[in-house]
Amino acid sequence: MMELHICTRTDGKVLRKFALGDLEELIIGRDEDCDIRIKSRVVSREHCTIEQDSSGALVLSDMDSTGGTFVDDKKINSIRLEDGLEVVVGPAVLKFYDSGI
């Protein structure tokens with residue numbers, strides 16, 4: 001099972017942890033209705049999503065956010081989640097780990 005750690009960009013402090021089990025869709029953004037909320041003006045109301053693709057793999061996709069979603073300082077549209085992946089969303093770093101469960 002994949003685990004998501006929300007960390008600060010400045011010092012890497014872990015703010016929250018989430019287990020990503022069998023999910024249909026998980027929305028990340030600043031809107032209070034989002035599944036994972038990042039309270040920052042540089043994060044779009046609905047910034048990005050995590051969904052399963054047809055093979056069952058988890059994929060993170062940008063939702064045409066204003067500030068963008070970045071991996072290795074490159075703006076991405078979508079990326080398959082894998083162990084060790086780090087995605088930057090505004091002031092946060094989303095770190096993905098395979099928990100082995």
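Inside the range 34-57, can you point out the residues that are more than 15 Å from Asn77 (Cα to Cα), in contact (Cβ under 8 Å) with a residue 40 or more places away in the chain and within 14 Å of the chain's Cα centre (by Cα)? Even if it seems obvious, please write down each step before you answer.
Narrowing the range 34-57 to residues more than 15 Å from Asn77 (Cα to Cα): 34-43, 45, 52, 54-57.
When the remaining residues are screened for being in contact (Cβ under 8 Å) with a residue 40 or more places away in the chain, the result is 38, 40, 42-43.
Of everything in the range 34-57, those that are more than 15 Å from Asn77 (Cα to Cα), in contact (Cβ under 8 Å) with a residue 40 or more places away in the chain and within 14 Å of the chain's Cα centre (by Cα) turn out to be Ile38, Val43.
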Which number in (1) surrounded by 11 or more Cβ atoms within 10 Å (Cβ to Cβ); (2) assigned to a loop (DSSP other than H, G, I, E, B) marks the one condition that Val88 misses? (2)
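Report, by residue number, each residue of the range 66-81 that is part of a strand (DSSP E or B) and more than 19 Å from Met1 (Cβ to Cβ).
Taking the range 66-81 first, the residues part of a strand (DSSP E or B) are 70-71, 74-75, 78-80.
Passing the criteria: Phe70, Val71, Lys74, Lys75, Ser78.
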Hey, among Asp62, Asp31, which residue is within 10 Å of the chain's Cα centre (by Cα) and more than 15 Å from Met2 (Cα to Cα)? Asp62
Looking only at residues in the range 1-51 that are open to solvent by 60 Å² or more (accessible area, probe 1.4 Å) and β-branched (Val, Ile, Thr), which one is modelled with the lowest pLDDT? Thr10
Residues satisfying the stated conditions in the range 66-83, i.e. more than 21 Å from Tyr97 (Cα to Cα), touching an Asp or Glu at 6+ places or on another chain (Cβ under 8 Å) and among the polar types (S, T, N, Q): none
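The values are calculated or read from the model by the stated rules, or taken from the named source; none is laboratory data. Since the structure is predicted, the reported quantities are computational estimates derived from the model, not experimental observations. With ideal geometry, Cβ positions are generated from the backbone for all residues, glycine too; neighbour counts draw on all protein chains shown. For accessibility, only protein heavy atoms count, side chains too; no ligands or nucleic acids. Shrake-Rupley method; radii C 1.70, N 1.55, O 1.52, S 1.80 Å.
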